[in-house]
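What follows is a single structure, written as structure tokens, with notes after it.
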Amino acid sequence: MSQKRILISEDETILRIWLRQQFKRQGYDVLEAQDGEAAVAIATSQVVDSIIMDIKMPKRDGLAASADIMRQRPVAIIVLTAYGEAQTVARALEAGVSWYLVKPVEAAQLAPAMVMAQAKFQEMMALRKQVASLEDALALRKLLDKAKGILMRELGLDEAGAHQFLQRLSSQQSLPLKETAERVIVAANTIGQAASFQ
């Protein structure tokens, strides 16, 4: 089994060293960044399993850095903050952060926080996948409806007949239904454009 890798992004040297020691004891390979820009550069160029990110850092704050990382290469992120107020927590959630810890952090908090962060991250990724799947299904339905509308108009078919026609065409050409529908739409547009020049 490959070693787990964590990125610790913290500008306070003493805290960063302490965190490094804690995670090395837990068997992690540890990468380090002293500011938000370095954190984004490391997290988007190297494979990491999780990130500990301080909120208050030079060059780019931890929440802006977290949002960038989540857009480019999503990973479980725990933010460290000296503040536990609702506004900070809301900003962290918007940035895609999985969990947060309020300073001062104790060693006993780290392992449970990692478990929770990974669980929340997996849940969030599953939801994203589900949304993408629903969006794909909706786009396919719109495409099929458009192709069926063309076939109904041009061939005088009802909706069921147009759908069966598409399925037959798809089977004959050994193409996915989506691609067959796209070809019907392109062909109709091409014919329509040619007719407009006559």
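The values are calculated or read from the model by the stated rules, or taken from the named source; none is laboratory data. Keep in mind it's a predicted model, so treat the numbers as computed, not measured. Cβ sites come from the backbone with ideal geometry, for glycine too, and all protein chains shown count toward neighbours.
In region 88-112, how many are under 24 Å from the mean Cα position of the chain (by Cα) and either at positive phi or in contact (Cβ under 8 Å) with a residue 60 or more places away in the chain (or both)?
Adding up the residues that qualify gives 1.
Residue check, Tyr83 against (1) farther than 21 Å from Gln118 by Cα; (2) in a helix (DSSP H, G or I); (3) of a type outside the set (Val, Ile, Thr), all met but one. Which one?
So Tyr83 meets the others, but not (2).
Hey, among the residues in region 163-178 that are at pLDDT 85 or above and under 13 Å from Lys146 (Cα atoms), which one's nearest to the chain's Cα centre (by Cα)?
Restricting to residues being at pLDDT 85 or above and under 13 Å from Lys146 (Cα atoms), the top hit is Lys178.
Give the residues of region 4-43 that are assigned to a helix (DSSP H, G or I) and aromatic (Phe, Trp, Tyr), sorted by residue number. Can you show your working first?
Taking region 4-43 first, the residues assigned to a helix (DSSP H, G or I) are 13-25, 36-43.
Trp18, Phe23, listed by residue number.
Condition check ((1) in a helix (DSSP H, G or I); (2) loosely packed, with under 12 Cβ neighbours inside 10 Å) across all residues:
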| position | (1), (2) |
| --- | --- |
| Val89 | yes, no |
| Leu101 | no, no |
| Met114 | yes, no |
| Met125 | yes, no |
| Ala137 | yes, yes |
| Ile150 | yes, no |
| Thr180 | yes, no |
| Val186 | yes, yes |
| Thr190 | yes, yes |
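Within region 6-31, count every residue that is surrounded by fewer than 17 Cβ atoms within 10 Å (Cβ to Cβ) and not hydrophobic (A, V, I, L, M, F, W, C). Can you show your working first?
Here is the first cut: in region 6-31, the residues surrounded by fewer than 17 Cβ atoms within 10 Å (Cβ to Cβ) are 12-14, 17-18, 21, 24-27, 29.
Now drop any that are not not hydrophobic (A, V, I, L, M, F, W, C), which leaves 12-13, 21, 24-27, 29.
The number of residues fulfilling the criteria is 8.
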